[in-house]
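First comes the structure, then the notes that go with it.
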Amino acid sequence: MRSLVQIRDLVVEATTDSGRTIEIIKGVDLDIAEGEIVALIGESGSGKTTIAMTLMGYARAGCKIVGGSVVVDGVDMVALPEKGRAALRGATIAYVPQSAAAAFNPAIRIMDQVVEVVRIHGVMPIEEARAKAVSLFRALSLPNPDSIGDRYPHQVSGGQLQRLAAAMALIASPKVLIFDEPTTALDVTTQVEVLRAFKSVISANRIAGIYVSHDLAVVAQIADRIVVLRNGEVQETGTTADILARAQHPYTQQLLAAVAPHHGSRPETSATTAEALLEVHEVSVGYGPLRSDGRPAILAVENVSLRVARGRNLGIIGESGCGKSTLARAIAGILPPFAGGVVFDGRELGRSARSRSPDQLRQVQIVFQHADTALNPAQTVEDILGRPLTFYHGMARKPRSARIDQLLDMVKLPRSLRLRRPAELSGGQKQRVNFARALAADPKLIVCDEITSALDTVVAAAIIDLLKELQRELDLAYVFISHDLSMVEAICDDIVVMYRGRKIEQITPEAMARPEHPYTQLLLSSVPKLDPAWLDNLRQDPEQVREYCQH
Amino acid sequence: MTSAVTSTPRRPRFGYRINAVGVAGALIVLFWIVVAFAAPAIIPHPIGDIVDTDYFGPMSRELWLGSDYLGRDMTSRILMGARYTLGISVAAVIIAGVSGVTLGMIAAITGGAVDMVLSRFLDALNSIPSKLFSLVVVAAVGSSIPVLIVTMAVIYIPGAYRFARALAVNINTMDFVVVARIRGESLFYLIRAEILPNIIGPVMVDLGLRFVFIVLLLSGLSFLGLGVKPPYADWGALVRENIGGLPYAAPAVIVPSLAIASLTIAVNLLIDNLPTKIRDREAS
Amino acid sequence: MKHRIASLVLARLAIALVTAIIVSFAVFFATAMLPGDTATILLGQAATPEAVEGLRKAMHLDDPAIFRFLRWLAGVVHGDLGVSYANNMPVAKLIAGRLVNTLKLAGLTAVISVPLALTLGITAAMLRDTLYDRCLTIAIIGVVSVPEFMIATLAVLLFAVYLNWLPAVSFTSEIRTAYDFARAYAMPVVTLTVVISAQMIRMSRAAVIETLNTPYVEMALLKGASRGRLVLRHALPNALGPIVNAVALSLSYLLGGVIIVETVFNYPGIAKLMVDAVSTRDLPLIQSCAIIFCFGYLLLTTTADIIAILSNPRLR
């Protein structure tokens, strides 16, 4: 096999805010053969998207290709002038973006955007291109393939837009395709459909390309070879089967370990007999103006009841828009429910935070997903942790300072970080500070809203281990809100499955292999596994998929 | 990133990047501030004295900036004019800034009816063109210096309010404010510790721009003869009294205009080239 | 979707109406607060108390303020703007001719400055960080940082004093030929055009640059689109709302600009009328001029907002 793409000794520099240049890609070599899909795997900041972009001779603002060559189909994209690159973009090499919702121009009809490449490069008559687009829509199993192109992007769902973006990339039959995390923003049930569609067009057209992702399980379904990146350097390269089964590099092993399901040691007491700490009774929450019957215009949570025992963990899972985060906010008193009640430690809690006593507020803490927005950028770590100590416990300066050190120790952060501001911390460190602030209140219950979703897998796994350890020491109860099923499975005693604002089933991790409700079956079967044959062997009931995936 | 990255000692670096244009702007602003304070001590002639036998005299060794329509020394009149132009504008921008920004933050945090009423009322106030508003006020209550200050302040409160409110609404949706709120913190604490420190930078820049507008509006009013009244004279009034010298291109009409332009352009340059804090990608 | 657009537009119109009422109220009371008794001012210090009392009755000056406001508002709605204190002429009559003159000046300025400014603003965004763009940006900072009267005096210095092309500071009402017209209008129009174009260039440039930084423009670049296509096909349609907004806002600066320009060039427009009315404290005249200005301003800002709603592709 001739190699279609040859990257040799590629160096990309970025200019920092202080005007200093640093190398973000440090001499990378990469080959792609005809008809081969190569996956670039790595964490955020590993340079995987930057490398993929250089195939089009493109570097984002502030970055510059300074060395090496990127030969695509016999042409060095680095040496080519901008005009020459433009002539190849879209025609020879095409790009499928991470967020199709942002990459479609809101003011132009979908069909006009899909055939725009043809209009620019003049590779075929426009009528022919339209017909080809419709056949691509059909191949990507989009609904109403004949008329979907007449819509505007905002009138189409996210999963459909992602497939339309693939059609847009395929329209001029490019030789090389770049997939930039194309399913990361999608729910798992939608991801299955999109992956299937991608896989069928890739094999039908024998497309070569790069698949950028942080998700090994997804990549295992699509890629022929995997390249593991870290800090702009290649760590390991191998066929998909080799990497999954016989990873050599310790970093790759670490990545694999973080993805593999980890069943922790849970204390073996039956949840139903233990004393209830939190009881949610038929709670309904909504947004928007109240209608005449006293119910809000938009219902987010309907009639949900659940129970958390002292020192135990409850997971709440479901896809985006199922109401799980709204429920968390109702429990914390951020968004008052319009019906139902919350009982904590035997006492009815006020619906809104304002009607709860300081002590009640102290005992239930909430930790948010985005540590970036959960920490005040103007305050130091010391200020952030010190405020709840002063507010709830009225601590004076000295004991407060000692307690801050203790809290930093508990979340395994060096004490030297005390005077840093959030912008000077890494993502994982921020999330630890975020968690330490909740601990500062000495709570009995911590509601964790997607706390690991924004983190890289290795970092997320470390946070989960920390949470387990603290639970043993401090007798805490957690409510975990997540769409990440393996994480919930690893730490929770009970799992509530939500769909469209309703609780549809409550199961234990042990029972996750054989759920009763069809939606739970669909949801659990859609989680990608580290098995290259998983997608091909996956049998889902098309009836169920149609019923639960219309969004 | 693993924690290994942050434990490596970072090279000590100069914390701010300063730009030459910004420094020039700052120096000019500083110059006028010093002049405004020191004017009575440094003027070569008392401002009321007629020192030239001619009117609209040219620049000369004795009278650096020529003489005005009565033969008075322009240098002295410009230096003293700085007191009125700067003094009135600074007082007005402080009043407008403090009240507008405070109201904006309160509206953003409280929301609901308070926000509605405040926003509607101030938007309505904002839909009166500024020059027109000051004309009406001057017609009603005259143009003493306190009235001018209050009028300018009232005109620019809606803008400061709107700007601060928009920023505060963004901050208010951040999770750290939600956390503080459900901790049970008071309105005052939320404003002081959570909102204000995160909007103060852009707010100060906005107030700088508003200061420029106030200087321009005040000069315009004085130029129309409806602002600072004799015996006092700000720069706009100096242009007005000497407009008769325009056909001769007399320095008396050109120099006060240049003084205004130097101040406003300097503030603009300073704002566009503020020292930027250095945040390296590596640091995060 | 159609329904949603209609309700948004209606809501915006309702806000405009409420604002109009608050503004009229504010204008009326600001002028009604005037210290000194109107009847005494009108009749002079020598008038007998009986005469003053009689006039007060006739003018309903003793009624509560809210009634006077409503009566005045009813008059405004019917086109009855009251009688000028200064020369006993109906205000409506005084204003009519002057308003036409001001609209002529403003219209001429708009016709010249809008296409000029949009061309400059959009090309500056396309050629960002080139010499052309930098020079334009510096010129704009210069213009927006100096008072309007300085631009006007510079125009006089240049055209009348140094070049001697035009008469200095005088407006001839005798316009017979196109040459007369050009001579009369050149300086006021040039001054106003410079003042409002600076704002318009700045805002339209910013609007286009903002859309050029979006992911969908990057996507178009990665499809091989040319620079012209990126701007004309992808950025401009989405920047339309902000650009129209910029135009309307800049035109509302015209209102402030004409006050200075009409005074400097002695132009017989409504702004000059108002400035004179302020010097003579002619209340009904001030009120009416103020209301006309405010409503003009409100009309422009409301139009801008409605066009922004209509041009939002997400609402189509």
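Rule-based calculations on the coordinates, nothing more; no lab input. Just so we're clear, the structure is a prediction, and the values are computed from it rather than from any experiment. Virtual Cβ from ideal backbone geometry, glycine too; neighbours counted across all protein chains shown.
Numbers below:
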{"read-out": "Per-pair calculated FRET efficiency, R0 = 25 Å: A:E510 and A:E282 via Cβ, rounded to 0.05", "value": "0.35"}
{"read-out": "Rounded tilt (10° steps) of B:251-272 against the dominant C-alpha axis of chain B", "value": "10 degrees"}
{"read-out": "For the range B:93-103, Karplus couplings with θ = phi - 60° (6.51, -1.76, 1.60), whole Hz, Gly/Pro x", "value": "5, 5, 4, 4, x, 4, 6, x, 5, 4, 4"}
{"read-out": "Label-reachable residues, the range B:74-104, where backbone N falls under 19 Å from a point 7 Å from C:V18's Cα toward its Cβ", "value": "B:104"}
{"read-out": "Sparse-neighbourhood loop sites, trypsin sites (Lys or Arg not before Pro) in the range A:130-219 - DSSP loop, at most 14 other Cβ within 10 angstrom", "value": "A:R206"}
{"read-out": "Burial ordering of A:R514, A:R20, fewest other beta-carbon atoms within 10 Å first", "value": "A:R514, A:R20"}
{"read-out": "DSSP bridge pairs, chain A: antiparallel proportion in percent, nearest 5", "value": "55 percent"}
{"read-out": "Dipole of the range A:276-528, positive direction: furthest Cα of A:G394, A:P337, A:V458, with charges on the beta-carbon", "value": "A:G394"}
{"read-out": "For the range B:49-274, radius of gyration divided by Kirkwood radius, i.e. Rg to Rh on alpha-carbons", "value": "1.11"}
{"read-out": "Of the DSSP H helices in chain C, those whose Cα atoms cover at least 30 Å axially and whose Kyte score averages 0.0 or more", "value": "C:2-32, C:91-126, C:178-212, C:236-264, C:283-310"}
{"read-out": "Nonlocal amide H pairs with A:I316, under 5 Å, H built at 1.01 Å", "value": "A:F480, A:I481, A:S482, A:V496"}
{"read-out": "The protein assembly as shown - share of DSSP beta bridges that are antiparallel (%, nearest 5)", "value": "60 percent"}
{"read-out": "In order through the range B:31-40: 3J(HN,Hα) via Karplus (6.51 cos²θ - 1.76 cosθ + 1.60), integer Hz, x for Gly, Pro", "value": "4, 5, 5, 4, 4, 4, 6, 8, 3, x"}
{"read-out": "A:D150-A:S200 pseudo-label distance in nm [points 7 Å out on the Cα-to-Cβ vector]", "value": "2.5 nm"}
{"read-out": "Sequence ranges B:120-126, C:197-203, ranked by mean other-Cβ count within 10 angstrom, highest first", "value": "C:197-203, B:120-126"}
{"read-out": "Spin-label pair B:K229/B:V51, simplified geometry with 7 Å Cα→Cβ offset, distance in nm", "value": "2.8 nm"}
{"read-out": "Unit charges at the beta carbon, dipole of the protein assembly as shown: most positive-side option, B:G201, A:G57, A:T326", "value": "B:G201"}
{"read-out": "Centre separation in Å (Cα based) which lies between the range A:460-506 and the range B:109-136", "value": "49 Å"}
{"read-out": "Amide hydrogen neighbours beyond the local backbone of A:I24, cut-off 5 Å, H modeled", "value": "A:V12, A:E13, A:A14"}
{"read-out": "Paramagnetic reach from A:D383 in the range B:171-206 [backbone N under 12 Å; point 7 Å along Cα→Cβ]", "value": "B:192-200"}
{"read-out": "Mean Cβ count within 10 Å, highest first, over the residues of peptides B:196-207, C:145-156", "value": "C:145-156, B:196-207"}
{"read-out": "Dimensionless Rg/Rh of the range A:276-528 - Kirkwood Rh, Rg from C-alpha atoms", "value": "0.97"}
{"read-out": "Distant-in-sequence amide H partners of A:V96 (H built 1.01 Å from N, under 5 Å)", "value": "A:I178, A:F179, A:D180"}
{"read-out": "Radius of gyration and maximum dimension Dmax of chain A, Cα, Å", "value": "25.5, 78"}
{"read-out": "Loop-located chymotrypsin sites (Phe, Trp or Tyr not before Pro) in the range B:196-284, at most 14 other Cβ atoms within 10 Å (DSSP)", "value": "none"}
{"read-out": "The range C:102-254: radius of gyration over Cα atoms, expressed as a fraction of 2.2 N^0.38 Å", "value": "1.24"}
{"read-out": "Estimated FRET transfer efficiency when R0 is 41 angstrom, pair A:D73-B:R17 (beta carbons, to 0.05)", "value": "0.40"}
{"read-out": "Fraction of beta bridges assigned by DSSP in the range A:276-528 that are antiparallel (%, nearest 5)", "value": "55 percent"}
{"read-out": "Semi-axis lengths (Å, descending) of the ellipsoid that matches the C-alpha gyration tensor of the range A:73-224", "value": "22, 21, 14"}
{"read-out": "Cβ-placed point charges (K, R +1; D, E -1), dipole of the protein assembly as shown about Cα centre in debye, nearest 20", "value": "680 debye"}
{"read-out": "q = 0.15, 0.21 Å⁻¹, the range A:101-173: log10 I(q)/I(0) [Debye, one scatterer per Cα]", "value": "-0.41, -0.82"}
{"read-out": "Theoretical FRET efficiency, 1/(1+(r/R0)^6), r = Cβ-Cβ of C:L299 and C:L10, R0 22 Å, to 0.05", "value": "0.85"}
{"read-out": "Distance from the range A:324-390 to the range B:66-99 (C-alpha centre basis), Å", "value": "53 Å"}
{"read-out": "Distance cut-off 58 Å, percentage of C-alpha pairs in the protein assembly as shown lying past it", "value": "27 percent"}
{"read-out": "Dipole of the protein assembly as shown, positive end: most advanced residue of B:I28, A:V134, B:S222 [Cβ charges, Cα centre]", "value": "B:S222"}
{"read-out": "Overall Cα dimensions of chain C - principal axes, largest extent first, Å", "value": "87, 59, 33"}
{"read-out": "Highest-MSF residue in chain C out of C:L105, C:L157, C:L118 [GNM, Cα springs under 10 Å]", "value": "C:L157"}
{"read-out": "Nearest 10 degrees, 0 to 90: helix B:130-141 Cα axis against chain B principal axis", "value": "60 degrees"}
{"read-out": "Projected area averaged over orientations for the range B:187-240, convex hull of C-alpha atoms, nm²", "value": "5.2 nm²"}
{"read-out": "Computed [θ] at 222 nm, deg cm²/dmol, the protein assembly as shown (DSSP H ≥ 4; -39,500 (n - 2.57); rounded to nearest 500)", "value": "-17500 deg cm²/dmol"}
{"read-out": "Label-to-label distance, nm, for residues given as A:R291 and A:D112 (7 Å Cα→Cβ offset)", "value": "3.7 nm"}
{"read-out": "³J(HN,Hα) computed for each position of the range A:307-320 - Karplus, 6.51 cos²θ - 1.76 cosθ + 1.60, integer Hz, glycine/proline x", "value": "9, 10, 7, 3, x, 10, 10, 10, x, 10, 10, x, 8, 4"}
